[in-house]
Structures are given as structure tokens and as C-alpha cells.
1. Looking at Ser70, Ser77, can you tell me which residue is small (Gly, Ala, Ser), assigned to a helix (DSSP H, G or I), in contact with a Phe, Trp or Tyr (Cβ under 8 Å, 6 or more places away or on another chain) and modelled with pLDDT under 90?
2. Against the definition (under 22 Å from Ala36 (Cβ atoms), assigned to a helix (DSSP H, G or I), at pLDDT below 90 and not aromatic (Phe, Trp, Tyr)), how does Ala65 come out, yes or no?
3. Which of the residues that make up segment 106-116 are out of contact with any helix residue (DSSP H, G or I) (no Cβ under 7 Å at 6 or more places or on another chain) and surrounded by 10 or more Cβ atoms within 10 Å (Cβ to Cβ)?
Amino acid sequence: MVLKAEVFFFYFIPIIMAAALYGRSAVYVTALTVMACYNGLILADHFHLVSVIGELTPYLSNDSAYVLNSVVFTSSSILIVTVVVDFLAHLLQHDKEALEKSLDAFAQAQTIAHVGSWEYELNSRSRCTGRPSYFEY
């Protein structure tokens with residue numbers, strides 16, 4: 001089986017984009033859509049409904065075992081990538097929630113202690129305060 005990397009990995013881009021733009025729930029819907037499109041093209045080429053150029057060579061597109069192997073292998077690869085992307089999206093979401101909780105606790109501690117934070121930008125010589133009311137003294 002000869003797979004062109006640039007063609008094969010092209011199918012992973014929508015899965016990663018769906019995770020980044022729409023969250024974890026869209027990952028599996030996108031993966032199923034990608035699998036359906038890829039498998040549909042391979043099967044349509046096998047039954048001579050369309051002519052696909054690229055991954056399959058003309059003499060292999062008529063070989064049922066090769067077509068079945070290609071469909072199963074590609075679907076499995078897409079599912080594996082989908083699970084990995086989903087897992088990474090879950091980790092990122094968990095880390096984001098932990099960071100937000102930590103920042104809220106920090107802000108509450110600053111409020112209770114009547115202190116704040118500030119930053120000084122050397123290039124523009126400006127000061128940015130986190131809680132301006134505590135720096136009015």
C-alpha cells in the first residue's frame with residue numbers, strides 16, 4: 001500500500017480544526033464526515049462511478065481486497081487521530097478551567113488583603129495596574 005503523506009494527512013486537518021474551533025463534540029462528527037467522504041470516494045472509484053487519481057493506482061482500484069484494506073486502514077487511522085485530538089482537547093480544557101479557578105482565587109486573595117498588582121512596560125515607560133483603586137495612595 002502506497003500512501004502519499006500530504007494526501008493522507010490532509011484528512012486530519014478538519015478534525016484538528018473542529019477541536020480548536022468548536023470543541024470536543026465536533027471532533028467525532030467531523031471525523032465521521034471525513035471517513036464517509038474518503039471511503040465514499042474509494043468505493044465510488046472501485047465501482048467506476050468516479051475516477052480518483054492520487055493514492056490508488058488504476059490497477060489497484062479494481063482489487064476488492066486492496067480497497068477494503070484501504071478503507072479499514074484509513075478509517076482506523078482517522079479514529080486513532082480523533083481519539084488523540086479529543087484527549088488533548090480534554091486536557092487543554094481541564095488546564096484552562098484550573099487556571100481560571102486559580103486566577104479567581106488570586107483575585108479574591110488580593111481583594112481580601114487590599115493589595116494589587118502592577119506591570120511596568122520599559123519600552124513605553126507606562127505602568128499598568130491590575131487593581132487601580134489600591135494604588136491611589
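1. Only one candidate qualifies: Ser77.
2. Details: under 22 Å from Ala36 (Cβ atoms): yes; assigned to a helix (DSSP H, G or I): yes; at pLDDT below 90: yes; not aromatic (Phe, Trp, Tyr): yes.
Spelling it out, Ala65 is indeed under 22 Å from Ala36 (Cβ atoms), assigned to a helix (DSSP H, G or I), at pLDDT below 90 and not aromatic (Phe, Trp, Tyr).
3. Answer for segment 106-116, where residues must be out of contact with any helix residue (DSSP H, G or I) (no Cβ under 7 Å at 6 or more places or on another chain) and surrounded by 10 or more Cβ atoms within 10 Å (Cβ to Cβ): Phe106, Ala107, Gln108, Ala109, Gln110, Thr111.
The values are calculated or read from the model by the stated rules, or taken from the named source; none is laboratory data. Keep in mind that this is a model prediction, so the values were computed, not measured. Backbone-built Cβ (ideal geometry, glycine too); neighbour counts: all protein chains shown.
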